[in-house]
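K.L.:
Got a structure here, written out as structure tokens. Questions coming.
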Amino acid sequence: MEKYVIGIDYGSDSARAVIVNTVNGDEIAQSVMHYPRWKAGKYCNAVTNQYRQHPLDYVEVLEFIVKDSLAKSPAGTAEKIVGMSFDTTGSTPVLIDKAGTPLALTRGFEENPNAMFILWKDHTAVKEAAEINELAKRWDVDFTQYEGGIYSSEWVWSKVLHILRKDEKVREAAYAWLEHCDWMTALLTGKTAPAEIMHSRCAAGHKAMWHPDWNGLPSEEFLTELDPLLSGMRDNLFTETYTSEKAVGTLTREWADRLGLSPEVVVGVSAFDAHMGAVGGEIKPNILSRIIGTSTCDILITEAENVGHKVIPGICGQVDGSVIPGYVGLEAGQSGFGDIYAWFKSICGWAVEKLLPDHTDVLDMIIPALSEEAAKIPVAETAEIAVDWMNGRRTPDASQEVKGAIAGLTLGSSAPHVFKALVEATAFGSRAIVERFRREGVEIKGCIGLGGIARKSPFVMQTLADVMNMPFQVAATDQTCAFGAAMFAAVAAGVYPTVEAAQQAMGKGFEHEYVPNLENAKKYDEIYQKYLKLGHFLESELK
């Protein structure tokens, strides 16, 4: 009998499920749904960089996308499903009670944003991140060393500390914290008690300062010195972590019935979206996998002997087994990419949206039209240059205090000229990441592009290839993160012995390759130096 698996990908705005044939990777069906409360704008405040998501959004969407996928599948599909795995954004933690329940699902906290999941892009904890970095640098052990040496407001400890300080009622009810990816597997298998939860190596290693060198999470002494409010929480957390080819358990009878599946379906250990997406995009050693969407998340795997105990500064972590067991997973990324284009689109379309509300369909035409015109402008013909830190900087050297800029403007600067500068800026930010890896002795042989922009924007992808002077392959799989989760589910369910075997059997290859234009690449070498100078000025003078 053919065996199928389900991959579930929780993104920033929506979740999707794919049902995949383990024999050949053929997609049987897929379904996508936006989080209803998030879509309505609840619990968020862009002015203060607060972005929260209600756990009910995750539950309701899960039920819909699994059932909808099954409804779109041939009869008998449910009986063939043997495993499912999850990926989520991260770090997206929530505070939980002693039973392991997110506080927003308990009485009195149903509408309290501080009791909900704190989305990765929530930057309310900049102060707390700075305090962690200051303390880590004067502690006898630098607990941030395997996370690039700079802790971020996008990561769990700074987020949790900010909430504990801000909300006394939440603080009194909180027993521990839990990542979104780990809550999903605990919920579906019934292993929700904190002591039973199998925590993701990927999530803990990259975002929670977990490392075997210091027996897991940062020491109690460090956390208490950071703030006495954290006293005792470490004892309620975890020491062990697990790689994502392992099984957590099987569906509870309740969840099997709710999803229309067998209680024998195996649930695998979860991970973050980019890490599973890299697997779905058929990552290989020393090939940089880039999920290119609203932000970017860049994943590289390499043999342990190429890194050893050397720490690479300014990235988002190096964790043994966080992507594929047997390899060190290296993570980097940009806090703003497609978001920057969307911002410029909103500026260009402001008059249409406000003055011509019956013609807002024009808004969807702005980015394609700008891309078409910008592609006609020769490289280095204009003076406009931009820095891509509109949402802060993730890598290299994380900072949520820096700001973006557009310079070199003249009265002849048109919308396509400015858009071209913004696209080039996002490409320069990508190049800075690659150069940091290379400076530290990590080889990068090529790039894989994943996500919506990689598949839909030839102008952006060709600019990336030219600026980075490297070929870019674009993965053929539509929902790469969910597809990677499906590969992990196939291993957790025992269909394949290793992740690499699942990749070989289920991988769908690449649909396009962008090759650098050598003449443009040479010109971009010069413009990139101007980008670096402008960025240095912004960081030193206008923070």
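The values are calculated or read from the model by the stated rules, or taken from the named source; none is laboratory data. All figures in this text were calculated on a predicted structure; none of them were measured in a lab. Here the Cβ is made from the backbone with ideal geometry for all residues, glycine too, and neighbour counts use every protein chain on show. The area values use the complete protein model at the heavy-atom level, side chains included, leaving out ligands, DNA and RNA. Shrake-Rupley method; radii C 1.70, N 1.55, O 1.52, S 1.80 Å.
K.L.:
Can you pull the accessible area of T296 for me, 1.4 Å probe, Å² to the nearest 10?
P.N.:
Approximately 0 Å² for this residue.
K.L.:
Let me ask something else. What label, among (1) 27.4; (2) 24.5; (3) 40.8, belongs to mean projected area of the Cα convex hull in nm² computed from the structure on display?
P.N.:
The value matching this structure is (2).
K.L.:
Tell me the mean residue ellipticity at 222 nm calculated for the chain from its helices only (DSSP H runs of n ≥ 4, each -39500 (n - 2.57), averaged over every residue, nearest 500). Mind showing how you got there, number by number?
P.N.:
Numbers: 20 runs with 206 residues, N = 543.
Here the helix-only value at 222 nm equals -11000 deg cm²/dmol.
K.L.:
Can you pull the percent of segment 463-543's accessible area that's carbon plus sulfur, 1.4 Å probe, other chains left in place?
P.N.:
Using a 1.4 Å probe with all protein chains present, segment 463-543 comes out at 50 percent carbon and sulfur.
K.L.:
Moving on to the next point. Place the peptides 155-161, 324-330 in order of packing, highest mean first, counting for every residue the other Cβ atoms within 10 Å and averaging per peptide.
P.N.:
Numbers: 155-161: 26.0, 324-330: 21.9.
The most tightly packed comes first, giving 155-161, 324-330.
K.L.:
Same structure, new question: Per residue, how many Å² of accessible area does segment 301-429 show with a 1.4 Å probe?
P.N.:
Accessible surface, normalised per residue, equals 42 Å².
K.L.:
Do any of K67/K284; K3/K67; K310/K445 go past 26 Å between their Cα atoms, and which? Show your work: numbers first, answer last.
P.N.:
Details: K67/K284 34 Å; K3/K67 18 Å; K310/K445 20 Å.
Flagged as over cut-off: K67/K284.
K.L.:
Considering only protein heavy atoms and a 1.4 Å probe, what is the carbon-and-sulfur percentage of the accessible area of segment 16-169?
P.N.:
Carbon-and-sulfur percentage of accessible area, whole number: 54.
K.L.:
Same structure again: Using mean Cβ contacts within 10 Å as the protection proxy, how do 513-522, 333-342 order, highest first?
P.N.:
The packing order, highest mean first, is 333-342, 513-522.
K.L.:
In whole Å, what is the distance between the alpha-carbon centres of segment 333-393 and segment 403-448?
P.N.:
Result: 15 Å between the Cα centres.
K.L.:
On a 31 Å Cα-Cα criterion, which of the cross-link pairs K166/K403; K42/K137; K127/K533 come out too long?
P.N.:
Table pairs above 31 Å Cα-Cα are K42/K137.
K.L.:
Now, a different point. Just to confirm my numbers, what's the Cα centroid distance between segment 20-62 and segment 251-310 in Å?
P.N.:
17 Å
K.L.:
Which order do R201, R290 take when ranked by solvent-accessible area (1.4 Å probe, heavy atoms of all protein chains), largest first?
P.N.:
The most accessible residue leads, giving R201, R290.
K.L.:
Okay, moving on. Restricting to Cα pairs below 8 Å that are 6+ residues apart, what does the relative contact order work out to for the chain? Please round to a whole percent.
P.N.:
Relative CO of the chain lands at 16 percent.
K.L.:
Another question, if that's okay. Using label points projected 7 Å from each Cα along Cα→Cβ, tell me how many nm separate K166 and E240, to one decimal.
P.N.:
3.5 nm
K.L.:
Right, here's the next one. Using 0.36 nm per residue, how much length does the chain from E63 to H309 gain when fully extended, once their Cα-Cα distance is taken away?
P.N.:
Using 0.36 nm per residue and subtracting the Cα-Cα distance, I get 84.2 nm.
K.L.:
State the percentage of accessible surface on segment 326-449 attributable to carbon and sulfur atoms; use a 1.4 Å probe and exclude ligands, DNA and RNA.
P.N.:
Values: 3010 of 5320 Å².
The computed percentage sits at 57.
K.L.:
Another question, then. Rounded to the nearest 10 Å², what accessible area does D320 show when all protein chains are kept and the probe is 1.4 Å?
P.N.:
Its heavy atoms expose roughly 90 Å² to the probe.
K.L.:
Rounded to the nearest 0.05, what FRET efficiency do E264 and E225 have when you use their Cβ-Cβ distance and R0 = 51 Å?
P.N.:
Working: r = 48 Å, r/R0 = 0.94.
Efficiency for this residue pair is about 0.60.
K.L.:
Once the piece of chain linking K533 and L409 is laid out straight, how much longer is it, given 0.36 nm per residue of separation minus the C-alpha distance between them?
P.N.:
On the way: separation 124, 0.36 × 124 = 44.64 nm, distance 1.66 nm.
Taking K533 through L409 to full extension adds about 43.0 nm, to one decimal.
K.L.:
Per residue of segment 57-68, what does 6.51 cos²θ - 1.76 cosθ + 1.60 with θ = phi - 60° give for ³J(HN,Hα)? Whole Hz please, x for Gly and Pro, Karplus curve as stated.
P.N.:
My calculation for segment 57-68 gives 4, 5, 5, 5, 5, 4, 4, 5, 5, 5, 5, 5 Hz in order.
K.L.:
Subtracting the Cα-Cα distance from 0.36 nm times the residue separation, let me have the gained length for A40 to D478 in nm, one decimal.
P.N.:
155.0 nm
K.L.:
May I ask you to derive the FRET efficiency for T360 and K456 from their Cβ-Cβ distance with R0 = 25 Å, giving the value to the nearest 0.05? Present the calculation step by step, with values, prior to reporting the outcome.
P.N.:
Numbers: r = 21 Å, r/R0 = 0.82.
So the FRET efficiency works out to roughly 0.75.
K.L.:
What does the net charge come to around A432 if you take all other residues with beta carbon closer than 12 Å to its beta carbon, with K and R at +1 and D and E at -1?
P.N.:
Here the count lands on +2.
K.L.:
Run down the aspartates and glutamates and flag those whose C-alpha is under 15 Å from the C-alpha of K522, throwing out any fewer than 8 positions away in its chain.
P.N.:
Here the aspartates and glutamates satisfying the reach criterion relative to K522 are E381, E424, D466.
K.L.:
Please compute the modelled spin-label separation between E526 and D26, points set 7 Å along Cα→Cβ, answer in nm with one decimal.
P.N.:
According to this spin-label approximation, the distance is 5.5 nm.
K.L.:
What is the local net charge at S85, summed over the other residues whose Cβ is closer than 11 Å to its Cβ (Lys, Arg +1; Asp, Glu -1)?
P.N.:
-2
K.L.:
Under a plain spin-label model, where a point goes 7 Å from the Cα along Cα-to-Cβ, how far apart in nm are D140 and L56?
P.N.:
Distance between the two pseudo-spin positions: 5.0 nm.
K.L.:
If you take every residue apart from K3 with its C-beta less than 14 Å away from the C-beta of K3, what net charge results, scoring Lys and Arg +1 and Asp and Glu -1?
P.N.:
Residues near K3 contribute -3 overall.
K.L.:
Got a sec? Charge dipole of the chain, +1 on Cβ for Lys and Arg, -1 for Asp and Glu; which of G408, I283, G336 is way out at the positive end?
P.N.:
Of the candidates, G408 comes out farthest on the positive side.
K.L.:
Okay, moving on. Can you pull the accessible area of K72 for me, 1.4 Å probe, Å² to the nearest 10?
P.N.:
The accessible area of K72 comes to roughly 120 Å².
K.L.:
Would you mind working out the accessible area per residue for segment 20-148, using a 1.4 Å probe, and quoting it in Å²? Could you put the intermediate results ahead of the total?
P.N.:
On the way: 5060 Å² over 129 residues.
Heavy-atom SASA per residue in segment 20-148 reads 39 Å².
K.L.:
Apply 1/(1 + (r/R0)^6) to the Cβ-Cβ distance of I347 and T48, taking R0 = 22 Å, and write down the FRET efficiency to the nearest 0.05.
P.N.:
0.55
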